[in-house]
Amino acid sequence: MNYRRHLLALDDDELEQFVLRWAKVMAAPKYHHVERFSGSGDMGRDVVGFLTDQLHDGQWHNYQCKQYGRNLSVGSALLELGKIIHFSHQGAFTLPVEYTFVAPKGLSRPLEELILAPTSLGRH
């Protein structure tokens, strides 16, 4: 079975549903609770795995799903990270201890380089 082809064929909603199901089944042992936030008002969270019963007041993981027609760019990634930082600063929740982009078309080369060398941010 060609899983890559199937993932690429999913629309935005289907990708989020897939990640939600994955988190509930495959990653279930590490999560106390899994929640999907989608659409406007999601504050930069698509699927969240809570590590404790404290939910957003405790440790949590964020899965940000991006089903674009191209790979994920630095600008798009920084915009999404900015949402999480903004709403955390506003007191909506603590920052996640892990942040994962789920981008079936991959990351742009500059974004990969930035992730591998975050101090290079000023050069992008």
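The values are calculated or read from the model by the stated rules, or taken from the named source; none is laboratory data. Since the structure is predicted, the reported quantities are computational estimates derived from the model, not experimental observations. Every residue, glycine among them, receives a Cβ derived from its backbone with ideal geometry; neighbour counts consider all protein chains shown.
Applying the condition of being of a type in the set (Gly, Ala, Ser) and surrounded by fewer than 17 Cβ atoms within 10 Å (Cβ to Cβ) to region 1-48 and asking which residue is nearest to ILE84 (Cα to Cα) yields GLY41. Taking the criterion of being of a type in the set (Val, Ile, Thr), more than 23 Å from ARG4 (Cβ to Cβ) and surrounded by 15 or more Cβ atoms within 10 Å (Cβ to Cβ), the only residue of region 82-120 that qualifies is ILE84. Taking the condition under 20 Å from ARG21 (Cα atoms) and at pLDDT 95 or above, does PHE50 pass? The answer is yes for PHE50.
Results for (1) among the hydrophobic types (A, V, I, L, M, F, W, C); (2) at positive phi, shown as yes or no for each residue.
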position	(1), (2)
LYS30	no, no
GLY44	no, yes
ILE84	yes, no
GLU113	no, no
SER120	no, no
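Taken together, the residues in region 1-30 that are touching a Pro at 6+ places or on another chain (Cβ under 8 Å) and part of a loop (DSSP other than H, G, I, E, B) amount to 1.
If we scan region 53-66, do we find a residue that is within 22 Å of LEU114 (Cβ to Cβ), touching a residue at least 12 places away in the same chain (Cβ under 8 Å) and of a type in the set (A, V, I, L, M, F, W, C)? If you could, list the steps in order and put the result at the bottom.
Step one: list which residues in region 53-66 are within 22 Å of LEU114 (Cβ to Cβ), which gives 61-66.
Next, only the ones that are touching a residue at least 12 places away in the same chain (Cβ under 8 Å) stay: 61-66.
So of that shortlist, the ones also of a type in the set (A, V, I, L, M, F, W, C) come out as 65.
Scanning region 53-66, I find at least one residue that is within 22 Å of LEU114 (Cβ to Cβ), touching a residue at least 12 places away in the same chain (Cβ under 8 Å) and of a type in the set (A, V, I, L, M, F, W, C), so the answer is yes.
Only a single item in (1) in contact with a Pro (Cβ under 9 Å, 6 or more places away or on another chain); (2) modelled with pLDDT under 95; (3) surrounded by 15 or more Cβ atoms within 10 Å (Cβ to Cβ); (4) of a type outside the set (Ser, Thr, Tyr) is not met by HIS124, and it is number (3).
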